[in-house]
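Encoded as structure tokens, the structure appears first; notes follow it.
The values are calculated or read from the model by the stated rules, or taken from the named source; none is laboratory data. The structure displayed is predicted, hence computed values, not measured ones. When we count neighbours, we look across all protein chains shown, and the Cβ atoms used for this are built from the backbone with ideal geometry, even at glycine. For accessibility, only protein heavy atoms count, side chains too; no ligands or nucleic acids. Shrake-Rupley method; radii C 1.70, N 1.55, O 1.52, S 1.80 Å.
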Amino acid sequence: MIPNSPTDPPEERIEPENVDQALADDGVAATESPEPDTESLMAELEEARGRVLRAQAELENFRKRARRELEDEQRYSSLSLMRDLLPVLDNQHRAIESAEQSENATGLLDGVKMVAEQFAGVLKQYHCLPIEADGEKFDPHLHEAIAQFPSPDHAPGSVTTVTQTGYVLHDRVVRPSQVV
């Protein structure tokens, strides 16, 4: 570029003694105009802080939910095993009842009873407990009605006979009790 060409606009030249005044003028102009910009920047900052706080809260809620789901998975992981083992326990109880009716099987009966007690102890150790139903008020969440008969000895809506014991694992029903 050629200095002071006829097409260039004339340059405003600042003399050395006016430099301080020019800087002061620029400083005043800079402080006056940014005020609206400062307010908008502060508003944007507050909005960004709000978004960060919401994101942190969502992340914490996700962590809590994931932790709770993992605990539930671990707590009820043996549910299907318990469902498969309960028919075995039922057959043991049937064998005991059959042996009690026969007078010749005293030794066998004692052995089967010991195995059944051990089996029940293992279920209890893993928090799989029988549902108490005999004489209780009928609860469709815990009991499965297979028959209904009027009884002068029992109140209406109460369980008179348990045909198959139900079980709960912690607070979930593994198998409902079959009742009359």
For the stretch 91-101, in residue order, the Karplus 3J(HN,Hα) values (coefficients 6.51, -1.76, 1.60; θ = phi - 60°; whole Hz; Gly and Pro = x) are 5, 5, 5, 5, 5, 5, 4, 5, 5, 5, 7
Here the net charge surrounding Pro130, from other residues whose Cβ is less than 15 Å away from its Cβ (Lys, Arg +1; Asp, Glu -1), is -4
Over all Cα pairs of the stretch 28-180, the Kirkwood radius sets Rh, and Rg/Rh then becomes 1.47
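Within the stretch 65-173, which GluC sites (Glu not before Pro) sit in a loop by DSSP and count at most 11 neighbouring Cβ atoms inside 10 Å? If you can, show how the numbers build up before the last one.
Numbers: sites: Glu69, Glu71, Glu73, Glu97, Glu100, Glu103, Glu117, Glu132, Glu136, Glu144; in loops: Glu103, Glu132, Glu136.
For GluC sites (Glu not before Pro) across the stretch 65-173 that sit outside H, G, I, E and B with at most 11 neighbouring Cβ atoms in 10 Å, the list reads Glu103.
Residues with beta-carbon under 14 Å from that of Leu109, excluding Leu109: net charge, scoring Lys, Arg +1 and Asp, Glu -1?
Numbers: positive: Arg94, Lys113; negative: Glu97, Glu100, Glu103, Asp110, Glu117.
The answer is -3.
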For Met114, the accessible surface traced by a 1.4 Å probe with all protein chains present amounts, in square angstrom to the nearest 10, to 130 Å²
Residue-ordered couplings for the stretch 58-68, obtained by feeding phi - 60° into the Karplus form 6.51 cos²θ - 1.76 cosθ + 1.60 and rounding to whole Hz (Gly and Pro as x), are 5, 5, 5, 5, 4, 4, 4, 5, 5, 5, 5
Phi angles of the stretch 165-180, converted by Karplus (6.51 cos²θ - 1.76 cosθ + 1.60, θ = phi - 60°) into ³J(HN,Hα) in whole Hz with x for Gly and Pro, give 6, x, 9, 10, 10, 6, 10, 9, 7, 7, 8, x, 6, 8, 9, 10
